[in-house]
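I have placed the structure first, in the form of C-alpha cells, so that the comments after it can refer back to it.
Please treat every number below as a calculation from the coordinates, not as lab data. None of the values given here were measured: they were computed from a predicted structure. In this analysis, Cβ positions are derived from the backbone assuming ideal geometry, glycine residues included, and neighbour counts consider all displayed protein chains.
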Amino acid sequence: MDLDPLILSRIQFAFVVSFHAIFPVFTIGLASFIAFLEAVSFKTGNPVWLRLSGFWTRVFAVVFGMGVVSGIVMSFQFGTNWSNFARASANFLGPMLSYEVITAFFLEAAFLGVLLFGRDKVPKGVHLLAAVMVATGTFISSFWILAANSWLHTPAGVELREGIFHVVSWSDAIFNPSFPYRFAHMGLASFLTGAFVVSGVSAWYLLRGREVEANKKALSLCLWLILILAPTQAVLGDFHGLNTLEHQPVKVAAMEGNWETGTNVPLLLFALPDNAAETNHYEVPIPSLASLILTHDWNGEVPGLDLVPRDERPPVVIVFWAFRAMVGLGLLMIAVALTGLVLRVKGRFWRTPWFLQSLRVMSFTPFVAVLAGWIVTETGRAPWLVYGMMTQAQGLTPSLTGGMALFTLIGYIVVYALVFTAGLYYLLRVLYVGLEDEQDDHEADRPMRPLSAAHVPFEYSESNREADALSGPANQGGH
Amino acid sequence: MQPFDLVLIWAFIIGFGIIMYVLMDGFDLGLGILFPFAPDDQARDVMMNSVAPVWDGNETWLVLGGAGLLAAFPLVYTIVLPALYIGVFLMLAGLIFRGVAFEFRFKANTSRYLWDWAFAGGSTVAAFAQGVVVGAYIQGFETANGVYVGGALDWLTPFTVLTGFGLMAGYALLGATWLILKSEGYIQAWAYRITLPLLFTVLAVFGAVSVWTPFIDEMVRDRWFSSLGVIWILPLLGLGCAFQIFRSVRHRFEGMPFVATMGLFIFTYLGLLVSRWPYVVPPDYTLWDAASAYDSQLFLLLGLLFVIPIVLIYTAWTYWVFRGKVRAGEGYH
Ligand code: HDD
Ligand code: HEM
Ligand code: HEM
C-alpha cells in the first residue's frame, strides 16, 4: 500500500495545531486574569490577591512554556508540509505571521521573563505593567493569527496571478468577512476556558477546605464572569453561523447534516450521516427548527450538500458531530452559570459539594469545546485550503513522500506524548501544592530553594507577615 | 511604482535577524551543550538560571527568521524547509525538549536528572541541526521551477556533518564565555578553563570548513581567489577576535571573551554571506528571484521599522533587569 502524503500531512497538521491550540486558549484567559489580580493587589494591598496571582503565575509558566515550544513547530509546518500553499499565499500570510512575531511574541517573551522572575528585581508597578503587557501580547497574537486563518475561510482583498496570491487591499484581506466573528468567538472561548479552569481548581480547594477566603473570592469572580460570557458566546456563535451560511453554505449544510437544499429543514438532535448513500440514519429531528435558526423563518431555505459535487464536500460525520459537541457543551456551560446564580442568591455557591464537584469536572469542557469548534471550522473547509481558490492537494509539498510524512507524524506524536504527560504531571503538582506555603511540607525534597525560605522569619508579627505576602508566594517556595 | 529596491533592505533585515538569533540563542544552546560537563549540580543551577528569564525571547528571533523569510523571500522558506524536512524535525524536537526543560526542571525533584538530559540532549541536537542547515546552504539545493526536487536525505553529507559539529563547538564557546560573565568562584574558573580548548576546536573546524568550501562550488572559489580581494579582511578580523578571546582569557577579563566570541561569529557569518551573494537559494536563485511582491515587502517594512527599535529597547531592558552575577541557590520564580 502506498502511503499518501496528503492524508498524513493533514493528520499531522491537525495534530500539531490542536496540541498547540490547547495552550494559548488557556493562557490568553489566564494572562488577563493574572493581570487583573496584580492590579487589584496593587490597588488594595490585600495580600490575598497577591497570593492568588503568585499561584496562578506558577501554573501559567508551565502552560505558557508548552504553548511556546509547540508554537515554534507551527511556524515551520507551512514550509515543511505545505510548501506550495506557503509559496502561493506568502504575500499575505508572511506579513501576518511576521507582524504577529514582532508585535506580540517579542512583547510576551520579554515581559514574561520579568513577570516570572522579576518580582523582587523591579518595583511593584513595573511588575504589574509586565503582567498587563503579557496579557496584551496574547490578544495581539490572536488578532494576527486569526486574521490569517479567517482569510483561508473567507479570502478577500487578493488576486490570484500565475498561481500566486497578490494582495490588492490589505484592509479587506485582514478584516475579511469572517474575521470579526472568529476573533470575538475565540476571545470569548479563551476567557471561558480561563474562568472554568480557575473555578474548577478553586472548587477543588474549597471542597478540601484549603485557603477558603482566597478561593471563595476567586470562585465568585469566575462565576460572575461565566454568567456573562457563556450566554454571550451562544449568541455570538449564532451570528458566526449566519456569517458562515452566507460565505460557506456547504459547511453549514454539513453542520446541519442536510443533504438536500430546501425549506422547513429540521434540526437534527441525533443522526448518523452516511457519505456514500447521501443520507442520514437514525435521525431525531425537530421539525423546521434549522430553518428557523438559520433564516429566522420557519419556511426559510437552507442549503444542502447537493449544492456541490461529491468531491467538493467535507467529511460530513466529523463536522456534524463536532458541531454538536461544541454547542452541547456551550449549553451546558450556560446551565452551570445559572445554577451558580441560584446558589449565590441562597448564599451557598461556595459550600454546596455537588456543585463544587461538577465545577471540577467542567474545567475540562472548554478545551473539548474549543477543539471541537476548530474541527468544525477546519474540517468543514475541506477539500479547500483557501476556500474556493486552492485545494489541500494543490498546497502540498511536491517533494514530500509518504514515508517522510509518516516519520515526522510518528515523531511528533511521540515527542508530544512525552512532553504532555510530563507537563500534566507537573501542573497537577503545582495545583496540589496550591496556595499554601510550600516550604512546610515540601522543602525537604527541594534542595535548590533554601535562600528565599531563609528570608522568611519563623515568628510572624503582623507587619512582616504583610511584607512577606507582598514579596509573593512565587518567590518563597520556588516554583 | 517602485522607487526603492526593497529587496536589499530586506536582505539586510533578514540577515540581521539571523545573526541576532545565532548570537542570542547560541549562548543558551551552548550552555545546554556544556551542561553534562559542568562540575556539579549547583553549577548547573547557575547555568540554567542565567538564561531562564531570557531564553524565550532569544528563541523568538528564530520564529522571526521563519516568518520573515516567508514574508520577504518565500522561495527560501519553501525550498529550504522541504529540502531539510527531516533535519528541521530533529531541530524542532530538540528545541521542544530543551524549552520545556526550563519549566519542568524547576518543578521536579526526583526526576530532575531526566530534565538535565532533556536540556543537554535537546540543545545539542538543535545546535547540530542548525550547523547542518549552514552546510546544506553552502552545498546548494536541487530545484526545478521553484520547487525542491531532491531526495529526503540529500542534505546529509560529510561536509554538513562537519558544519554541524562546527556550530556545536561555536555555540559551546559562546556559552562558556557567557558563563564567565554571569558566574563567579569555581564555576567561573571552570568556564575559563574550558574556553581555550573550545576556541581551538572552533578554529580548527572553521578552518577546515573554509578550506573545503571553495572546492564545493566554483563560484565560491572564484569569489575568494580571483575576483574580490578585499573580502579577505573578514577572516582576518575573525582571527583578530580569536586572538582577543585568547588574550582576555589569559588576563581574566570577564566581559571581553563573550564580546570577542560574538565578533568571531559575526565575521565568519559575513564571510559566509559574501561567498554566496547574491544567491539565497544556491545555486539557482538570487535574492531578487526569491522575493515576495513589492507591496507585501513594503507593508511589512513600514511596521517593522517602527516596531523593531521598540523591541530592541525592551529586550535590552530585560537583560538589564537581570544583569549581574547569578548566584548558586538564588531561586528565581
Ligand atoms: C493560519 C492558519 C491556521 C490556523 C490559525 C489554524 N489552522 Fe487549521 N489548518 C490550516 C491553517 C490554520 C491549514 C494550513 O489551512 C490546514 C492544513 C491542511 C489543510 O487542509 O488546512 C488546516 C487544517 C486543519 C485541520 C485538518 C482539516 C482537514 O484536513 O480535514 C484541523 C483539524 C485543524 N486545522 C485544526 C485547527 C485548530 C485546532 C486550530 C487552532 C488553533 C487551527 N486549525 C488553526
Ligand atoms: C497555524 C497556526 C498557528 C501558528 C503558525 C502559530 C505560531 C505560534 C508560535 C511560533 C508561537 C511561539 C512564539 C514564541 O516564541 O513566544 C505561538 C505562541 C502563541 N500562539 Fe500560536 N500559532 C498558531 C495558532 C494560534 C491560534 C489559533 C491562537 C489563538 C487564537 C494562537 C495564539 C498564540 C499565543 C497566545 C501564543 C503565546 C504562547 C502561549 O500563550 O502559549 N496561536 N504560536
Ligand atoms: C453555544 C453555542 C455555540 C454556537 C452556536 C457556536 C457556533 C459556532 C460556529 C457556527 C462555528 C463555526 C464557524 C465557521 O463556520 O467557521 C464555531 C466555531 C468555533 N467555536 Fe463555537 N459556538 C458555540 C459555543 C462555543 C463554545 C462554548 C466554545 C469554547 C469555549 C466555542 C469555541 C469555538 C471555536 C474555538 C471555534 C473555531 C474558531 C472559529 O471559527 O471561531 N464555541 N462556533
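Odds and ends about this structure:
- Helices (runs of 4 or more DSSP H) enclosed by the range B:1-111 - at least 2 residues per element that are at the interface with chain A (Cβ under 8 Å from one of its Cβ atoms) and within 16 Å of ligand 1 (Cβ to nearest atom): B:55-72, B:74-83
- Options A:V16, A:V69; residue that is farther than 21 Å from A:V114 by Cα and aliphatic (A, V, I, L, M): A:V16
- A single entry from A:E213, A:E162 fulfils the requirement of being in contact with a helix residue (DSSP H, G or I) (Cβ under 7 Å, 6 or more places away or on another chain) and of a type outside the set (G, A, S): A:E213.
- Within the range A:51-85, being of a type in the set (K, R) and more than 9 Å from chain B (Cβ to nearest Cβ) holds for one residue alone: A:R51.
- Near pairs, Cβ below 7 angstrom, 6+ apart or cross-chain, from the range B:4-19 (over 20 Å from B:V63 (Cα atoms)) to any residue that is surrounded by fewer than 18 Cβ atoms within 10 Å (Cβ to Cβ): B:L6/B:Y294; B:L6/B:L298; B:V7/B:W288
- The listed residue being away from ligand 1 (no atom under 16 Å from the Cβ), touching a residue at least 60 places away in the same chain (Cβ under 8 Å) and under 28 Å from the mean Cα position of the chain (by Cα), out of A:L341, A:L269: A:L341
- Residue among B:D289, B:D222, B:D295 that is free of Cβ contacts under 8 Å to residues at least 40 places away in the same chain, within 14 Å of chain A (Cβ to nearest Cβ) and not in a loop (DSSP other than H, G, I, E, B): B:D295
- You will find that of A:F117, A:F85, A:F42, A:F143, the residue that is more than 9 Å from ligand 2 (Cβ to nearest atom) and either within 19 Å of the chain's Cα centre (by Cα) or closer than 27 Å to B:Y85 by Cβ (or both) is A:F85 and no other.
- Helices (runs of 4 or more DSSP H) within the range A:105-220 that include 3 or more residues away from ligand 1 (no atom under 16 Å from the Cβ) and either among the polar types (S, T, N, Q) or under 24 Å from A:L343 (Cα atoms) (or both): A:179-207
- Condition check for B:V281: under 21 Å from B:G131 (Cα atoms) and either among the small types (G, A, S) or within 14 Å of chain A (Cβ to nearest Cβ) (or both): yes
- When B:G146, B:G135, B:G175 are checked against the criterion of being buried (at least 23 other Cβ atoms within 10 Å of the Cβ), of a type outside the set (D, E, K, R) and within 30 Å of A:L396 (Cβ to Cβ), a single residue qualifies: B:G135.
- Matching residues in the range A:408-417 - criterion: being free of Cβ contacts under 8 Å to residues at least 40 places away in the same chain and surrounded by fewer than 16 Cβ atoms within 10 Å (Cβ to Cβ): A:I410, A:V414, A:A417
- Against the test of being in contact (Cβ under 8 Å) with a residue 60 or more places away in the chain, away from ligand 3 (no atom under 16 Å from the Cβ) and in contact with a helix residue (DSSP H, G or I) (Cβ under 6 Å, 6 or more places away or on another chain), the options A:A110, A:A31, A:A88 yield a single qualifying residue, A:A31.
- Within the range A:322-366, the only residue that satisfies the criterion of being within 16 Å of ligand 3 (Cβ to nearest atom), surrounded by 20 or more Cβ atoms within 10 Å (Cβ to Cβ) and either within 14 Å of another protein chain (Cβ to nearest Cβ) or of a type in the set (F, W, Y) (or both) is A:F323.
- Filter result for A:V48 (of a type outside the set (K, R), crowded, with 24+ Cβ neighbours inside 10 Å and either away from chain B (no Cβ under 11 Å) or under 28 Å from B:F306 (Cα atoms) (or both)): no
- Candidate set from the range A:382-396 (those that are surrounded by fewer than 20 Cβ atoms within 10 Å (Cβ to Cβ) and within 7 Å of ligand 1 (Cβ to nearest atom)); member that is farthest from A:D4 (Cα to Cα): A:A382
- Qualifying residue in the range A:178-201 (condition: under 17 Å from B:L300 (Cβ atoms), within 16 Å of ligand 2 (Cβ to nearest atom) and either among the hydrophobic types (A, V, I, L, M, F, W, C) or without any contact (Cβ under 8 Å) to a residue 40 or more places away in the chain (or both)): no
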